[in-house]
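Structure, as C-alpha cells:
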Amino acid sequence: MESTASEFTAPVSRAADGLELAPDASWFARLRVAYRALTILSKAPDDPVAAAMLNAALDGDVYRRQAEALSKTEFGRKLLVERPTLQKGSIDLDALAKLPEGTVGRAFAEYFVVNKIAPFETPYEVRNEVDYLIKWYRETHDLHHVLTGYATDAVGEMEVQAFALGNQGFRVSKMILTFAAILRPHNLPPMWRYWSRLKRAYRRGQQTANLFSVRYDQFLEAPVEALRKALELPPLAA
C-alpha cells in the first residue's frame, strides 16, 4: 500500500514557535506548520528544527518511497545500513582543501570558505531510514550547489529548489518557490525576471539521475566531472 504523509512525524519539535506535528495531523495542519517553519527559515536559514519540521510535514512520504526503493537494491541497502555522513564534525575541511584542484572534496571545502558558512550539523537523533534520508539530503544540499553551478545568492537558491523539484518532486521546494514569488524574501527580484532560469533548472533536475543514487562521500577524491557524470547531470545552460 502506498505510503501517506500522515505516517510521519518530525524528529524534533519546538512548541513555542508552533513547530509541533501530531502523527495523525491533517494536510491542513501540516501546511500550517510548514508555513510557520518556512517563515522562520526565511529569517534564520540554518535553523535545524524548522528545517526538519518543514521536511517532515510536507515530504515524509517522498522520503519513505525513496527508502523503499533503495532497500530493493544492493547499493541502496548498503547506503541505508552504513548511513554515510557529510555533516560538520565528520569531514576534515582542512584535509579536503589540500586535495588536487578540480576534485569534489576540494571544491566542497572551498565552497564553505567562499560562502563563509559551515557544514550542516543535525541536532536530532536519526530514528529510522526516513530521518536518515532527510538528513543525508540536507547534508548534500551544499554539494548540489557545487555540482549544478547554481549560486548561493537568493536566485541561485531558487534554482536549486527548482532543480530539486524536477528531480524529486519535493513539496517543500514547491512551497519555497511559491513563498518566494509572493513574499520575495532576501530582496528577491520579481519571479518573472528569472522565470526562464527556473524552468531550465527544473528540466535539468528531471534529466538528472536520482539524487539518492550516488554515494557522495565516495567521490571526494574524484574529479567534480566524475560525480556529474555519475549523476548524468546535463551541462549548465549559458
Note: residue 237 to residue 26 extended length (0.36 nm per residue) minus current alpha-carbon separation gives 71.9 nm
Evaluated at 20 °C and 1.002 mPa s, the Stokes-Einstein D of segment 110-238 based on the Kirkwood radius over Cα pairs, in µm²/s, stands at 138
CD proxy, 222 nm, the chain: helix-only mean residue ellipticity via -39,500 (n - 2.57) per DSSP H run with n ≥ 4, per residue, nearest 500, stands at -18000 deg cm²/dmol
Quick calc, residue 206 & residue 95: beta-carbon distance into FRET formula, R0 45 Å, rounding 0.05, result 0.80
In the chain, whole DSSP H helices that both stretch 20 Å or further along their axis by alpha carbon positions and average at least -1.0 on the Kyte-Doolittle scale are 27-43, 48-70, 129-148, 154-168
Counting only backbone N atoms under 15 Å from a point 7 Å out along Cα-to-Cβ of residue 69, the residues of segment 150-173 in range are 164-171
Sorted largest first, the Cα spans of the chain on the principal axes come out in Å as 49, 44, 32
HN-Hα couplings for segment 216-231 via Karplus (6.51, -1.76, 1.60; θ = phi - 60°), in whole Hz with x for Gly/Pro, come out as 4, 5, 8, 10, 4, 9, 8, x, 4, 5, 5, 6, 4, 5, 4, 8
Least to most buried among 73, 39, by other C-beta atoms within 10 Å and fewest first, runs 73, 39
Label model pair residue 126, residue 195: point-to-point distance (7 angstrom along the Cα→beta-carbon line) in nm is 4.1
Expressed in nanometres to one decimal, the distance between label points 7 Å along Cα→Cβ at residue 222 and residue 110 is 2.0
Residue separation between residue 35 and residue 81 times 0.36 nm, minus their alpha-carbon distance, gives in nm 13.3 nm
Simple spin-label estimate for residue 174/residue 16, 7 Å along Cα→Cβ, in nm, reads 3.4
Any trypsin sites (Lys or Arg not before Pro) in segment 27-136 that lie in a DSSP loop and have at most 13 other Cβ atoms within 10 Å would be 72, 98, 116, 127
Scoring the chain by relative contact order with C-alpha pairs under 8 Å, at least six apart, yields a percentage of 19
Ranked on Cβ counts within 10 Å of their own Cβ, fewest leading, 191, 158, 53 go 191, 158, 53
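No lab work stands behind these numbers, since they all come straight from the coordinates. On a predicted model such as this, the values are computed, not experimentally measured, just so you know. Every residue, glycine among them, receives a Cβ derived from its backbone with ideal geometry; neighbour counts consider all protein chains shown.
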